[in-house]
Amino acid sequence: MRRQTAPDGAGNFVSAFAFGMILAILGSLKPFLSEKMEIPEGRIGRWISAAQLALIPFVFLSGLALDHWGARGTLVAGSLLAGLALFGLSLSRVVWTTWLSLSALAAGASALSVGSIVLMPRAFLGNNAASANLGLIFVPLAAITTGGLMPLVLLRLALRRALSLLALICLVPAFAVTMTPSEVFPQAPDLADSTKVLADPVLWLVSLAFLLYSSIEGAIGSWSSTYLTQLGFSELRAGLLVGGFWLTFIISRLVAAYLEYSQVRDAEPWIIIMLAGLAAVAVAGLAGTRDRNHAVMWLLLTGLVLGPIFPNLVGILYRHFAEGEMGTAYGGMFLLGAAGSLSLPPVMNAYARRTSIRTALRLPMVISLILAGGSLALALANPDIGGFAVTTVIDKPAQQIRLAVEDFLDGRGTGDLLLVYLSCHGLLDARRRLYFAATDTRKDRLAATGVEAAWVLDQLEHCRARRQVLILDSCFSGAFAQGAKGEADTAGHNLTSRLCRVPGQSP
C-alpha cells in the first residue's frame, strides 16, 4: 500500500481527536443540561446513557456506509453531523430537540470513529497493529484533555457559547478532509460484500476478544478511584493516580507502535496472549495487596499491559480484511463485542456492591485469563503462523460439546495435525474419574451432565490423525491419563506418545 502524506495523517488525527472529545463531552454535560432545562440530573443522565448506547449500532451502520460510499464522505458527514448536533444542544430548550441533538451527536461520533480507524494504515505505518496503536493514542488523549477542561470551559462560558465553540472544533475534521486530495482516500468497492465479512470466523473471534477486553478495561476504569480511596488515598490523590493509569495506558500504545513496527511484526495474537496473561497477574496483584505503594505499582502495570490490546485486535482486522471490507469488519466487531459486553459490567458491579471491589477484582482477573486462552484460536487460525481451521465451542451444554468434539475428529486423515484445547472446570466423581464441566453440568449427576475425560480420550484414539495435541486448562487435569487404554505399565507411555498435555493444578 502506498504511504500517504501529511494531509491524510492530519485528517485522521483530527477525526480521532474529535471522537474522543465527543465522548468526554457526553460525560460532562449532565449537570449543565439539567440546570439549563430545569430537569432532574437523573433524567438527563438517562438520556446521555441512551446516547452512549446508541454508539454501538451507529458504529456498525457507519461501517456499512463507509464500505459502500467511501471514507471521505463518511468523515465529512460525521463531522458536520456532530457540529450541527452541538449547535442544536446549545439552542435546545425542549425535550424532543435535546433527544434529537444527542442522537445526532452519537451518529456523528460513530462516523468519525470508523473513518479514522479505516484511514490509520494509510496515515501511519501500514496494515498492522503499529498503525492502530499510534492512531488510537489520540482518542484517550482527547478524552482526558477534554474531560479535564470541559468543566472549566462550561463554568467560564455560558453553556450556549461553550457548546458553540465545541461545535466549531467538531467541524475541523470536515475542513481537513475536504482539503485533502480525493486520491488519498481508499475508493469504495463496486459492491461491498458485507454478508461475507460478517460471516468470517476471524471476525467473530476478534469480537469475542473485544467483548472480554472491554469488560476488563471498564471494570478497572470505573473501580480504580474507589479502590484507591478505600486504601486510604485522598480523593484528590486518587484522581491523580487514576490519571496516571490512563497516561500509562496511552504511553504503552506509543511504545507498542514503535516495537511492533521496528522489532516485532505480524504477531498480534501472540502479543494479545502475553498482554492478557500479564493483565491477569497485575489485576491479581491489585486484588491481593493491602500495601498502598504496591497498589499504585499494580495499577500502573495494569494500564501498561491493557493499552495495546485493543489496537492489536484492530491490527488483526487490518491484516485479515481488504481495505474495502474494513468498515464493515470494524463495525461488526464493535457491534458484536460491545453489545455482548453490556451483560458483563452489571453483573460485575452487582458483585462488587455485594462483596467489595477488592474481591470483585477477581472477575477481571479470570476474564483476562479467558482472553489469553481465547486468543490462542486467533493465533492458530492465522495462515502465516499455523494455518489451522479453528472450531470454537463456548459456554454450551454437555451434549453439544460432545457432538462438536466428535464432528471435529470425524473424517480426519492420517497426515492431519489436530489440536484440542479444553478450558473449563474439571470435576472428579467418587471414583476419581475426571469430567469436564459444561453449562448444564450438575455435580451430583456428572455421568449424565458432564463430558467424561475417558470419552474424550476414546474419541481421540478412534481418530485416524496420527499427530494429536491435547491441551487441558482445568483443575485435576492430571487425572486424564487414568483413562488411557492399554496395559497399566504402558498406558502412560502410549498416552504421552500421542498427546501433549499441560496439566492443571487441583483447586
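The values are calculated or read from the model by the stated rules, or taken from the named source; none is laboratory data. Since this is a predicted model, take the numbers as computed values, not measurements. All Cβ positions, glycine included, derive from the backbone under ideal geometry; neighbour counts span all protein chains shown. Protein only, heavy atoms only, side chains kept; ligands, DNA and RNA dropped before computing areas. Shrake-Rupley method; radii C 1.70, N 1.55, O 1.52, S 1.80 Å.
Please tell me the relative contact order of the chain in percent, rounded to the nearest whole number, where contacts are Cα pairs under 8 Å and at least six residues apart. Don't skip to the end; give the middle numbers.
Details: 822 pairs, mean separation 82.4, N = 507.
Relative contact order for the chain comes out at 16 percent.
Per 5 Å bin, what percent of the C-alpha pairs of region 239-339 does each bin hold, from zero upward?
2, 12, 18, 19, 18, 14, 8, 4, 2, 1, 0
How much length, in nm to one decimal, is gained on full extension between Thr414 and Ala158, taken as 0.36 nm per residue of separation minus their Cα-Cα distance? Mind showing how you got there, number by number?
Working: separation 256, 0.36 × 256 = 92.16 nm, distance 7.53 nm.
Answer, rounded to one decimal: 84.6 nm.
Whole number in Å², please: accessible area per residue of the chain, 1.4 Å probe, ligands, DNA and RNA not counted. Please list the in-between numbers first.
Numbers: 23540 Å² over 507 residues.
Result: 46 Å² of accessible area for each residue.
Report the trypsin sites (Lys or Arg not before Pro) located in region 278-328 that are in a DSSP loop and have at most 12 other Cβ atoms inside 10 Å of their Cβ, or state none. Before the final figure, lay out each step's value.
Numbers: sites: Arg290, Arg292, Arg319; in loops: Arg290.
Passing both the DSSP loop test and the Cβ count: Arg290.
Roughly how many nanometres apart are two label points built 7 Å out from the Cα toward the Cβ at Thr226 and Trp69?
4.2 nm
Would you mind telling me the share, in percent, of accessible area of region 1-152 contributed by carbon and sulfur at probe 1.4 angstrom? Please list the in-between numbers first.
Details: 4000 of 5680 Å².
For region 1-152, the apolar C and S fraction of the accessible surface comes to 70 percent.
How far, in nm, would the chain grow between Ser343 and Leu53 when pulled straight, counting 0.36 nm per residue and subtracting the alpha carbon separation? Please report the intermediate quantities before stating the final value.
Values: separation 290, 0.36 × 290 = 104.40 nm, distance 1.28 nm.
Contour length minus the Cα-Cα distance gives 103.1 nm.
Would you mind classifying region 173-305 by shape? Square roots of the alpha carbon gyration tensor eigenvalues, ordered a ≥ b ≥ c; an a/c under 1.5 is rounded, otherwise it is prolate if a/b is larger than b/c and oblate if not.
On the way: a/c = 2.33, a/b = 1.82, b/c = 1.28.
Judged from the Cα gyration tensor, region 173-305 comes out prolate (a/c at least 1.5, a/b above b/c).
Regarding region 283-363, what is the average projected area of its C-alpha convex hull, in nm²? Display every interim value, and only then the final one.
Details: hull surface 25.5 nm².
Mean shadow area of the hull around the Cα atoms is 6.4 nm².
Taking DSSP loops as anything outside H, G, I, E and B, show the longest stretch in the chain free of GluC sites (Glu not before Pro) there with at most 10 other beta carbons within 10 Å. List each step's numbers first, then the result.
Values: sites that count: Glu38, Glu487.
Excluding the exposed sites themselves, the longest stretch runs over 39-486.
Multiply the residue gap between Thr145 and Leu165 by 0.36 nm, knock off their C-alpha separation, and tell me the result in nm, one decimal place. Mind showing how you got there, number by number?
On the way: separation 20, 0.36 × 20 = 7.20 nm, distance 1.56 nm.
Separation in residues times 0.36 nm, less the Cα-Cα distance, equals 5.6 nm.
How much of the DSSP bridge set in the chain is antiparallel, in percent, rounded to the nearest 5? List each step's numbers first, then the result.
Working: 5 of 12 bridges.
Close to 40 percent.
Which whole-angstrom value gives the distance between the alpha carbon centres of region 442-466 and region 99-161?
When both Cα centres are located, 50 Å separates them.
If I model a spin label at Ala430 and Arg445 as a point 7 Å from the Cα along the Cα→Cβ vector, what separation in nanometres do I get?
Here the modelled spin labels are 1.7 nm apart.
What residues have an amide H closer than 5 Å to that of Asp440, excluding those fewer than 5 places away on the same chain, when H is modeled at 1.01 Å from N in the peptide plane?
Answer set, sorted by chain and number: Ala398.
At a 1.4 Å probe, what is the % contribution of carbon and sulfur to the accessible area of region 400-472? Before the final figure, lay out each step's value.
Working: 1950 of 4110 Å².
Its accessible area is 47 percent carbon and sulfur atoms.
For the chain, taking Cα atoms only, what is the radius of gyration to one decimal and the Dmax to the nearest whole Å?
Taking only Cα atoms of the chain, I get Rg and Dmax of 25.2, 85 Å.
Using the basic label-point model (7 angstrom from Cα toward the beta carbon), what is the Asp291 to Ile251 distance in nanometres?
Roughly 2.1 nm, to one decimal.
Skipping prolines and chain starts, which residues have an amide H placed within reach, meaning under 5 Å, of the one on Leu470, given they are 5 or more residues away or on another chain?
Val420, Cys500
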